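Worksheet: one structure, shown below.
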Amino acid sequence: MTDQPPPFRQTRRSLPIALLRAREAVMGPLRGMLATSGVNEQKWRVLRVLQERGPLELSQVAAEAVLLLSSLTRMVGPMVEEGLISRMTPPEDRRKSIVAITPVGLALVNAHAKQSAAILGRIETEFGHDRLEALLDLLEDLQKLDLNPVAPGAERKPSSKAKR
């Protein structure tokens, strides 16, 4: 008897592929909006995080903007040169970098606010407010799962998260 791999779900019902398809459906119109300003989606996420949260340490920005810290570190210099953000090093800890949105960066975010709201409003109208809120809640729950592999011989602790 030969060992057969377990069957895969069909790709149309594969969670990773479905998430990527949904991301592309949402990001397509936003990329079109951003193309007019020359800012890519990664820079947009950084600007939105800083606009919403204020000055932050780089690792906090990376986590909030869903970027690798190394990617964000490479982005900071050009964003400072473009006048979108400012960077400072706190005197009490020279290892840290704090970044903040500048008036130029804020103006760019504000320039896209109406179009961004229209895109997201269309999604909410076509998908449904309640369904969108439920989807966002489910995605938050999914993000909280600990899906990292368990080391051989180690036991995974039971999740304390309540199931819906």
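Exactly one residue out of VAL109, VAL104, VAL66 is within 16 Å of ARG48 (Cα to Cα), over 21 Å from the mean Cα position of the chain (by Cα) and either of a type in the set (A, V, I, L, M, F, W, C) or surrounded by 11 or more Cβ atoms within 10 Å (Cβ to Cβ) (or both), and it is VAL104. Within region 3-26, identify whether any single residue is assigned to a loop (DSSP other than H, G, I, E, B) and acidic (Asp, Glu), and answer yes or no. So far as region 3-26 goes, yes, one or more of its residues are assigned to a loop (DSSP other than H, G, I, E, B) and acidic (Asp, Glu).
Here is a list: ARG45, ARG87. Which entry is surrounded by 12 or more Cβ atoms within 10 Å (Cβ to Cβ) and more than 20 Å from GLN143 (Cβ to Cβ)? Going through ARG45, ARG87 in turn, just one is surrounded by 12 or more Cβ atoms within 10 Å (Cβ to Cβ) and more than 20 Å from GLN143 (Cβ to Cβ): ARG87.
Could you please let me know if ARG45 is at pLDDT 95 or above and either more than 30 Å from SER86 (Cα to Cα) or over 13 Å from the mean Cα position of the chain (by Cα) (or both)? Here the answer is no, as ARG45 does not meet what is asked.
Exactly one residue out of LEU50, LEU69, LEU34, LEU56 is within 15 Å of SER116 (Cα to Cα) and either out of contact with any Lys or Arg (no Cβ under 8 Å at 6 or more places or on another chain) or at pLDDT below 95 (or both), and it is LEU34.
Looking across region 1-42 at every residue that is under 12 Å from VAL109 (Cα atoms) and either in contact with a strand residue (DSSP E or B) (Cβ under 8 Å, 6 or more places away or on another chain) or hydrophobic (A, V, I, L, M, F, W, C) (or both), the one that is surrounded by the fewest Cβ atoms within 10 Å (Cβ to Cβ) is identified as MET33.
The values are calculated or read from the model by the stated rules, or taken from the named source; none is laboratory data. Values in this document were obtained by computation on a predicted structure and should not be read as measured data. Cβ coordinates were reconstructed from backbone atoms using ideal geometry, including for glycine residues, and neighbour counts include every protein chain displayed.
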